[in-house]
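Accompanying notes for the structure given below.
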Amino acid sequence: MSVPTAACAQSVCAPLSVLGRDVTVPLVTGGEVTYAALDYAASAPALQRVWDDVAAYAPYYGSVHRGAGYLSQLSTDLFENARRTVAGFLDCRPDDQLIFTRSTTDSLNLLARALPADCQVFVFETEHHASLLPWPDAQVTCLDAPRTPRQAVETLERALAGRTASVQEGHGPALVCVTGASNVTGELWPVRDLAAVAHAHGARIVLDAAQLAPHHPVSVRDLDVDWVAFSGHKLYAPFGSGVLAGRADWLRAAEPYLAGGGASRKVTRREDGGVAVEWHESAARHEAGSPNVIGAYAIASACKALTEAGWDTLVAREERLVAEVRAGLAEVPEVRVLSLFGDDAPRVGVIGFVVEGWNSSHFAAALSAEYGIGVRDGLFCAHPLVRTLLGSDPQTQGECGAPEAAPGEKSLNAIRVSFGAGTPDEHVERFVNAVRELVADGAKWTYRTEEGRCVPAV
C-alpha cells in the first residue's frame, strides 16, 4: 500500500478533470449548489480527457472490420489499438485474449458460457451479483464470508482441498471467482494469495476488478490470475463497454457468446439445407456484430490518462481522502462503518455505513435534497454481503435491493459513499459536515416514500 506523500497530505495533488465538475443542482431549502458526485462505485464521471478524445474521433467514425474505405480502416485501427492499449494497462501475457464486452457483468456471463463441462465454481457470498449469478450450468459452491484476509485464503484452501479429496480421477475443472475490492466496504482482497491457492489445487481464477481497476494498478501477471473483468463506466469511460482479458484456451473452445457476423470465419450451406459455420479463434469469436468502437476507444483513453497521471500519486491522494472520511464519520457515534476485515484493512474510496435512528433511504435523500450530495443507498447488488454485515433477514426488495421502508423506520439497507481520482476535497468535506448536521439537527425537510424510495415531499 502506498504512503501519502507530504505534497498530497497538503492537498497539493489536484483531482483529475472530469465532466460535471461545475454542474449545479437545486436544494429543497432554496438556492443551488455545485453537485458533489460521491457515487463513483456505481458509475464514475467521464474524464475530460476521455470526452475530448472521443469528440476528436467522432467525425471519423466508421464501420469496424467491415469496409475498405478510409474511415472504416481508421476505425478498425483505432479499435485494435485500443485492444492493445488496454492489454498493456492490465499487463496481460503475450498469449492472453482481450475481448470487449458491455460491462463486468457481461464479461463474467461470457466466461460462464465458456466453462468446460462439469466445471465447479467457487465464489464467496460477499461477491457482487455479477460474480454470484452468471454460472447456471456449473456446480457452484458459495463460501462463507471471511472476517480477515487470511481467513479468506484458508476458507478457499479447505474448499479446494475438500474437492480434491472427495472426487474421483477425471473430475471436471474448477474456477474461483473473486473481487479485487468490495463494492460495499471498499476493502482490498488478497487476490495474489487466493490465486496461489487456486493454482496449487489445479483450479483457475477470475478477478472481478470493477472496483479495483479505477483505484489501483491491476497486473494480470503480478496477481497471477487467469482472467480479469472490469467495466468502462467505473473507469471514467462511459459508452457501455467492458473487458474480459485472460487465457485463450477455454474461450477458443467455447461456442461463441453471440452468434453472428464478425464471429464467423466461414459460413456455408449444407446439403441438408442447414448452415455450417467455422468460427474465429481470436477475440472476434465472442464479439459478434458491429462492436462498440467508441466504448473501446474511451476505455483505452481512460487507461492512458490514469497511467500518465501516475498511480503513486492517484493512490496516495485517494488514501488521504479515505482517511479523512473515515475520521469524520468516526466522530459521529451514531454512524457505523461496515467492514469485514476491520478498521486497519486497506481499502479504496468506497465506504458503506448505517446511521442509528435513520432509514438509509431517508438519509441519502436528505443528503441529496438538502446538500446537493449524491450517494447510494440499498444493498448495492450484493445482498448476501450487506445482510451479513447488518445482521438482517431478506426483505421485500425494491430496485437493486432497496427495501421499502418509511422515513424513521429501522434501516434494513445501507448507505455508500464512493469517490476517486476526480473528487475535489471540498466534496468530501461537505459530505462529512452534512452527516454531522443531519445526525445532530435532523432533516430540514419532510420526505415521503414513493415506489420504495424516500423523496422530498412537495
Notebook entry, point to check: Does any residue in region 253-265 that is in contact (Cβ under 8 Å) with a residue 24 or more places away in the chain come within less than 9 Å, Cβ to Cβ, of a residue that is of a type in the set (Lys, Arg) and assigned to a loop (DSSP other than H, G, I, E, B) six or more places away or on a different chain, and which pairs are these?
Noted result: 261/66; 262/66
Check: Do we find that residue 345 is surrounded by fewer than 24 Cβ atoms within 10 Å (Cβ to Cβ), touching a helix residue (DSSP H, G or I) at 6+ places or on another chain (Cβ under 8 Å) and assigned by TED's automatic domain parsing to the domain that holds residue 445 in this structure?
Finding: yes
Check: What are the residues in region 416-428 that are closer than 24 Å to residue 216 by Cβ and surrounded by fewer than 21 Cβ atoms within 10 Å (Cβ to Cβ), if any?
Finding: 424, 425
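Which of the residues spanning region 236-251 are modelled with pLDDT of 95 or more and of a type outside the set (Val, Ile, Thr)?
Residues satisfying the conditions are 236, 237, 241, 242, 244, 245, 246, 247, 248, 249, 250, 251.
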Note to self: Taking the criterion of being within 18 Å of residue 420 (Cα to Cα) and assigned to a loop (DSSP other than H, G, I, E, B), would at least one residue in region 354-366 satisfy it?
What the structure shows: no
Next item on the list: Looking only at region 27-42, decide whether some residue is over 25 Å from the mean Cα position of the chain (by Cα) and among the aromatic types (Phe, Trp, Tyr).
Entry: no
Item checked: One residue from 310, 342, 372 being touching a Leu at 6+ places or on another chain (Cβ under 7 Å), at positive phi and not acidic (Asp, Glu) -> 372
Check: Which of (1) farther than 22 Å from residue 52 by Cβ; (2) surrounded by fewer than 22 Cβ atoms within 10 Å (Cβ to Cβ); (3) out of contact with any helix residue (DSSP H, G or I) (no Cβ under 7 Å at 6 or more places or on another chain) does residue 318 not meet, given it meets every other one?
Finding: (2)
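Inside region 32-146, counting only helices (runs of 4 or more DSSP H) that do not spill past its ends, which hold 2 or more residues that are surrounded by 22 or more Cβ atoms within 10 Å (Cβ to Cβ) and modelled with pLDDT of 95 or more?
Result: 70-89, 104-113.
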Checklist line | Residue that is surrounded by the most Cβ atoms within 10 Å (Cβ to Cβ) [pool: residues in region 260-307 that are β-branched (Val, Ile, Thr) and more than 27 Å from residue 88 (Cβ to Cβ)] | finding: 277
Check: How about region 286-322: which of its residues are without any contact (Cβ under 8 Å) to a residue 24 or more places away in the chain and of a type in the set (Gly, Ala, Ser)?
Finding: 310
Next item on the list: Would you be able to say whether some residue in region 229-238 is more than 29 Å from residue 16 (Cβ to Cβ) and either surrounded by 24 or more Cβ atoms within 10 Å (Cβ to Cβ) or not charged (D, E, K, R) (or both)?
Entry: no
Next item on the list: Those residues that are among the aliphatic types (A, V, I, L, M) and crowded, with 16+ Cβ neighbours inside 10 Å, I need them from region 321-336; list them, please.
Entry: 321, 322, 325, 329, 332, 335
Checklist line | Residue list for region 432-451, filter: in contact with a helix residue (DSSP H, G or I) (Cβ under 7 Å, 6 or more places away or on another chain) and surrounded by 15 or more Cβ atoms within 10 Å (Cβ to Cβ) | finding: 432, 434, 435, 438, 443, 447
Next item on the list: Consider residue 259 carefully, then state whether it is of a type in the set (A, V, I, L, M), more than 30 Å from residue 423 (Cα to Cα) and outside any helix (DSSP H, G or I).
Entry: yes
Next item on the list: Could you tell me whether any residue of region 53-74 is in contact with an Asp or Glu (Cβ under 8 Å, 6 or more places away or on another chain), in the same structural domain as residue 162 (by TED's automatic domain parsing) and on the phi < 0 side of the Ramachandran plot?
Entry: no
Margin query: Suppose we filter 206, 184, 191, 176 for residues that are more than 30 Å from residue 375 (Cβ to Cβ) and either crowded, with 21+ Cβ neighbours inside 10 Å or in contact with a Leu (Cβ under 7 Å, 6 or more places away or on another chain) (or both); which single one remains?
Written below: 176
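The values are calculated or read from the model by the stated rules, or taken from the named source; none is laboratory data. Just so it is clear, the structure is predicted and the values come from calculations on it, not from any experiment. Ideal geometry is used to build each Cβ from the backbone, glycine not excepted, and the neighbour counts take in all protein chains shown.
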